[in-house]
Every structure is written in C-alpha cells, then in structure tokens.
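Presented below is the structure to which this report refers.
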Ligand code: HEM
C-alpha cells in the first residue's frame, strides 16, 4: 500500500511539473493559467515554473503574431518584444525590443544582445496562429525586461494576416491589445 501511494504521488508530481512543449498544439491542461482578450480574440496561456515563463498564444491571424512585456515609456517604448512568423512551414521566433513608442521592434541579436527564447514553435491552422515559447523571467540581458512573478505585468499582443514583419498590425480591438495581467 505504501509503495502504491509513493508511486501515485510521484506520478501526480511529475504530471504537475511537466513543462509545456513548444509544438504548436495547446492541450487543455498544458498551461496553468489563461487570459482571453475578448476584443481581439487572442488567448494568452502561461505557466511559471521556477525561473522560467512558458507561453502559449493563439490569435486569429495568418501572418505574424507578437507579444510584448512591460513597456517603460510612452505606448510601446521599452517593451520586450517577441515576434513569430511561419517560414517554409516552420515557426520562427524573434527576440526584440522597442526603442520608440510606435512601429517595429529592433532585434536583440543585431544590437549586441542575444535571442533569449529557450524554446519556440508553433503552427498555422484553420486561420489561427498558435505560438509557444519560453524564456527566463530574468534573462540578465540588457535588451530584455524582467517579468515579475506574482505581480502585475503589462502584456501587449498583436497580430497580422501579412507575414511581412515590417508591416503593422491593425488598430485597436482588431489587431492589438494591451492588458495588465498578474503572472503567477
Ligand atoms: C510584438 C509585436 C507587436 C506588438 C505586441 C505590438 C503592440 C502594439 C500596441 C499594444 C500598440 C498600442 C500602443 C498604445 O497606444 O499604447 C501598438 C501601436 C502601434 N504599433 Fe505595434 N506591435 C507590434 C509590432 C508592430 C510592428 C511590426 C509595427 C510596424 C512595422 C507596429 C506598428 C505600430 C504603430 C504604427 C502603432 C501606433 C498606431 C496604432 O495605434 O496602431 N507594431 N502596437
């Protein structure tokens, strides 16, 4: 009986600890928490496991999808930005940041920093882009911001049907949103 209980507890512990997989398929219990933006229809799922944030995001788009965290200035200025686009059937994930309030991000690996995505992947299916990625809450990189565990973070989400990442998303309620989410 004792052995059975030990095995059962070990199984529960291992399933609770299973890290989300960046395979472009979000299973019902894969992430610990979910935020749905009712206006754009984007769904932001996340898990914080130790010092790592795992995100699974679905948006009604066929081109690119992007997430930004914690702008420090006007509008998007200072935000840590991630953009994802399908290229030849493979989802490419880019780590960037905003150095101005509007427009496109700069890319970390072209600015003396690093792409700090630990995992990234995704899929395009039925007119929806699903992307999954992970990163350290504090990457230690000067081009990234710290994501605050157990506290409110500003999360920017945008998407576009154009796969050219130099082309902007639509305006408010259709292609972009800004939300305050307690990430725990
Ligand atoms: C990670 C990708 C991106 C995210 C999460 C994002 C998100 C946002 C958000 C939330 C705003 C509103 C800011 C405010 O008014 O407080 C905004 C504005 C804007 N963004 Fe982006 N964006 C992204 C990528 C891009 C790109 C690639 C472009 C253009 C090349 C672009 C062009 C603009 C422009 C021109 C505005 C101001 C006009 C407007 O209100 O729509 N964005 N973006």
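The values are calculated or read from the model by the stated rules, or taken from the named source; none is laboratory data. What you see is a predicted model; the values in this text were computed from it and never measured. Glycine gets a Cβ as well: all are built from the backbone with ideal geometry, and neighbour counts include every protein chain shown.
Structure data summary
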item: Members of the stretch 30-46 that are modelled with pLDDT of 95 or more and outside any strand (DSSP E or B); result: 30, 31, 32, 42
item: Selection status of residue 140, surrounded by fewer than 17 Cβ atoms within 10 Å (Cβ to Cβ) and either more than 10 Å from the ligand (Cβ to nearest atom) or under 15 Å from residue 67 (Cα atoms) (or both); result: yes
item: Residues (on the phi < 0 side of the Ramachandran plot and surrounded by 17 or more Cβ atoms within 10 Å (Cβ to Cβ)) located in the stretch 16-34; result: 20, 22, 26, 30, 31
item: Single match in 131, 145 (criterion: surrounded by 15 or more Cβ atoms within 10 Å (Cβ to Cβ), under 17 Å from the mean Cα position of the chain (by Cα), part of a loop (DSSP other than H, G, I, E, B) and more than 10 Å from the ligand (Cβ to nearest atom)); result: 145
item: Residue match in the stretch 89-102 (condition: within 13 Å of the ligand (Cβ to nearest atom), modelled with pLDDT of 95 or more and loosely packed, with under 14 Cβ neighbours inside 10 Å); result: yes
item: Residue in the stretch 168-184 that is nearest to the ligand (Cβ to nearest atom), counting only those that are part of a loop (DSSP other than H, G, I, E, B) and touching a residue at least 24 places away in the same chain (Cβ under 8 Å); result: 168
item: Filter result for the condition that a residue is at negative phi, at pLDDT 95 or above and touching a helix residue (DSSP H, G or I) at 6+ places or on another chain (Cβ under 8 Å), over 80, 74, 49; result: 49
